[in-house]
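Student: Below: one structure in structure tokens.
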Amino acid sequence: AEPMGAPPPGLERAERLKQAAAASSEPARKVLSWLASNLVHRGWLSPLDKLTQQVEEQVELSADAVRAAVAELSAAGLLDLDGERVLTVAGLFSTKMTGLDFAMADGHTVHLIDPMAALAASVALQQAGEVRAQCPVTGQRLVLECDSSGVASRAPETVCAFLGGERDGAAVTGVLLADDDALGAWQEQAGDPPGMPLTSFLFPMAAGDLGQ
């Protein structure tokens, strides 16, 4: 049975990130903010030892405090690491191509982890821009116009999403899709994975709340 108060399928990661963010120490918040800003404006991050040095110089934390903050963020799932490389930041941004991008009005582009990140990116960064993706079923180009409060419009207007849940402890990657037919076809092809389908009708209503 589901434990009492467990988040619905598709929202597990969002719930964990929310709790982790609330429990983060002040140094961890400073380091995460610096890493996110650096990734967004440069498009890449240095290996961890060099990053530690850069953060130490610019955030007025000792190297030990920076290392402790990185360990805390990593344990909380707010940073994913592969050895000396940072793979994801703040549960939103990826250092590798994902096929889902947020192109900001200021000209910078950052890779997004999944559709949940697509709903939250403009809110998190307080930046207008476009989320760009391609429907895996129809091949159509999908664009979400975003302002600092979230998704403002969709092209095509039928854009919908599947927010991936978790199967056997592993995350199911969600997708943006062109329309409800594509959503149904994708779910069938993927073997009906756990998660939350956001139909084109539900999408605009849910997007704002989920993004916040």
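Student: Looking only at segment 68-104, filter to residues that are of a type in the set (S, T, N, Q), over 17 Å from L176 (Cα atoms) and outside any helix (DSSP H, G or I); which one of those is farthest from the chain's Cα centre (by Cα)?
Tutor: T95
Student: Out of the residues in segment 105-126 that are more than 15 Å from the chain's Cα centre (by Cα) and touching a residue at least 24 places away in the same chain (Cβ under 8 Å), which is least open to solvent (accessible area, probe 1.4 Å)?
Tutor: Going through the qualifying residues, I end up with H108.
Student: Here's another thing I want to ask about it. If I filter segment 46-84 down to residues being closer than 16 Å to A36 by Cβ and acidic (D, E), which single residue comes out as surrounded by the fewest Cβ atoms within 10 Å (Cβ to Cβ)?
Tutor: In this case the residue turns out to be D80.
Student: Considering only residues that are modelled with pLDDT of 95 or more and open to solvent by less than 60 Å² (accessible area, probe 1.4 Å), which ones fall in segment 127-142?
Tutor: A128, G129, E130, V131, A133, C135, V137, G139, L142
Student: So which residues in segment 161-178 are in contact (Cβ under 8 Å) with a residue 24 or more places away in the chain and over 18 Å from G150 (Cβ atoms)?
Tutor: Selection gives F162, G164, G165, E166, R167, A171, T173, V175, L177, A178.
Student: Can you name every residue in segment 132-159 that is among the small types (G, A, S) and either assigned to a strand (DSSP E or B) or under 21 Å from D209 (Cα atoms) (or both)?
Tutor: A133, S148, S149, G150, A152, S153, A155
Student: Return the total of residues in segment 181-212 being in contact with a Cys (Cβ under 7 Å, 6 or more places away or on another chain) and open to solvent by 40 Å² or more (accessible area, probe 1.4 Å).
Tutor: Residues meeting the conditions: 1.
Student: Within 17 Å of Q212 (Cα to Cα) and either open to solvent by 40 Å² or more (accessible area, probe 1.4 Å) or among the β-branched types (V, I, T) (or both), is that true of K18?
Tutor: yes
Student: Looking only at residues that are over 21 Å from G10 (Cα atoms) and hydrophobic (A, V, I, L, M, F, W, C) in segment 143-180, which one is surrounded by the most Cβ atoms within 10 Å (Cβ to Cβ)?
Tutor: Residue satisfying both the conditions and the ranking: C146.
Student: Just the residues that are over 14 Å from G150 (Cβ atoms) and touching a helix residue (DSSP H, G or I) at 6+ places or on another chain (Cβ under 9 Å), please, taken from segment 195-212.
Tutor: Within segment 195-212, G195, M196, P197, T199, S200, F201 meet the criteria.
The values are calculated or read from the model by the stated rules, or taken from the named source; none is laboratory data. Because the structure is predicted, anything quoted here is derived from the model rather than measured. Counting neighbours? That spans all protein chains shown, and the Cβs are built from the backbone with ideal geometry, glycine included. Surface accessibility is based on the protein's heavy atoms, side chains included, excluding ligands, DNA and RNA. Shrake-Rupley method; radii C 1.70, N 1.55, O 1.52, S 1.80 Å.
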